[in-house]
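K.L.:
Just passing along the structure, written as structure tokens.
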Amino acid sequence: TNVKQFYYQDIEGRDFSGQLDFSTNQIAVKGSTNTMRGQIDLDGRLFFLRQPSLEATLIGEGLDINTFFQQTNNLGQQVLTSDNISGTLTTKTKIFAFWDNRGNFQPGQMRILSAIAIEDGRLSDFGLMENFSTFVNINDLKNIQFTRIENYLEIADNRIYLPAMFIQSNAMNLTVSGEHDFSNTFEYNIQVNAGQVLTNRFKKHDPKLRPI
């Protein structure tokens, strides 16, 4: 099948090309589409049982992360939104999703495993970072640039799990890990380099700073 353009809620795609296989109580979909200014390859299977379920593998290349957040409703949270982030996203994601016997989606049963990489990223006016103004010039925190972030994410039990990752930015370098649930209760663990923090605290703001 070839689909010139399609929509699912706020998600937009075009030029889907792939194959649909129909068999007893299931549909298998395999193909690729242009979306979010990049490309996604999809390999999934939807099971039409008394309680339907979905298993899918997504491989995304060159996705615009700002558009990704816009079209996915900021992944169901309001701490970090499309107003705050930009960059290019690459991801390999495995999705397990479930519905009840009335067709209602069951977010508590959903499980997602995802390897992500963000390049040439930028955080703008991200309120959470202003908590670091004691250590870093507040102007440096309004527009944070970072080179590349790589990590694995897991979503299970209505909660996002973030393993420790190292972030190199123009404001400071830090290691972050934590958990974030769908009701926007979160706990993050943050480690910074004390010597670098002291140096940055007393320097003048330079809007041309590149990632350290």
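The values are calculated or read from the model by the stated rules, or taken from the named source; none is laboratory data. Keep in mind the model is a prediction, meaning the values are calculated, not measured. As a convention, Cβ positions derive from the backbone with ideal geometry for all residues, glycine included, and neighbour counts pool all protein chains shown. Heavy atoms of the whole protein, side chains included, go into the accessibility calculation; ligands, DNA and RNA do not. Shrake-Rupley method; radii C 1.70, N 1.55, O 1.52, S 1.80 Å.
K.L.:
Just the residues that are aliphatic (A, V, I, L, M) and crowded, with 17+ Cβ neighbours inside 10 Å, please, taken from region 154-169.
P.N.:
155, 160, 162, 167
K.L.:
Something else about it: For region 62-69, indicate whether the set of residues that are among the polar types (S, T, N, Q) and within 30 Å of residue 129 (Cα to Cα) is non-empty.
P.N.:
Yes, region 62-69 contains a residue that is among the polar types (S, T, N, Q) and within 30 Å of residue 129 (Cα to Cα).
K.L.:
Output the residues belonging to region 1-54 that are polar (S, T, N, Q) and within 17 Å of residue 95 (Cβ to Cβ).
P.N.:
Scanning region 1-54 gives 9, 26, 32, 33, 35, 51, 53.
K.L.:
Sort out which residues of region 116-132 are open to solvent by less than 30 Å² (accessible area, probe 1.4 Å) and modelled with pLDDT of 90 or more, and write them in order of number.
P.N.:
117, 118
K.L.:
When only residues in region 43-52 that are over 20 Å from residue 72 (Cβ atoms) and in a strand (DSSP E or B) count, which is least open to solvent (accessible area, probe 1.4 Å)?
P.N.:
Residue satisfying both the conditions and the ranking: 47.
K.L.:
Here is a further query. Is one or more of the residues making up region 57-65 surrounded by fewer than 17 Cβ atoms within 10 Å (Cβ to Cβ), in contact with a helix residue (DSSP H, G or I) (Cβ under 7 Å, 6 or more places away or on another chain) and among the polar types (S, T, N, Q)?
P.N.:
no
K.L.:
If residue 146 satisfies all but one of (1) modelled with pLDDT under 90; (2) aromatic (Phe, Trp, Tyr); (3) loosely packed, with under 14 Cβ neighbours inside 10 Å, what's the number of the condition it fails?
P.N.:
(3)
K.L.:
Shifting gears a bit: I'd like to verify a number: residues in region 8-26 that are touching a Lys or Arg at 6+ places or on another chain (Cβ under 7 Å) and either of a type in the set (Lys, Arg) or within 18 Å of residue 97 (Cβ to Cβ) (or both), how many?
P.N.:
2
K.L.:
What do you reckon, is residue 40 among the β-branched types (Val, Ile, Thr), crowded, with 16+ Cβ neighbours inside 10 Å and within 23 Å of residue 185 (Cα to Cα)?
P.N.:
No.
K.L.:
Starting from residues that are small (Gly, Ala, Ser) and in a strand (DSSP E or B), keep the ones in region 151-194 and report whichever is modelled with the lowest pLDDT.
P.N.:
Applying the filter and picking the extreme gives 169.
K.L.:
Working only within region 25-37, note down all residues that are part of a loop (DSSP other than H, G, I, E, B) and open to solvent by less than 90 Å² (accessible area, probe 1.4 Å).
P.N.:
25, 36
K.L.:
Across region 1-24, what is the number of residues that are of a type in the set (Asp, Glu) and not in a strand (DSSP E or B)?
P.N.:
Here the count works out to 1.
K.L.:
I'd like the full set of residues that are at pLDDT 90 or above, among the hydroxyl-bearing types (Ser, Thr, Tyr), open to solvent by 30 Å² or more (accessible area, probe 1.4 Å) and farther than 13 Å from residue 126 by Cβ, limited to region 70-110.
P.N.:
88, 90
K.L.:
On to the next question. Across region 11-24, which residue is surrounded by the fewest Cβ atoms within 10 Å (Cβ to Cβ) among those that are under 21 Å from residue 71 (Cα atoms) and among the hydrophobic types (A, V, I, L, M, F, W, C)?
P.N.:
11
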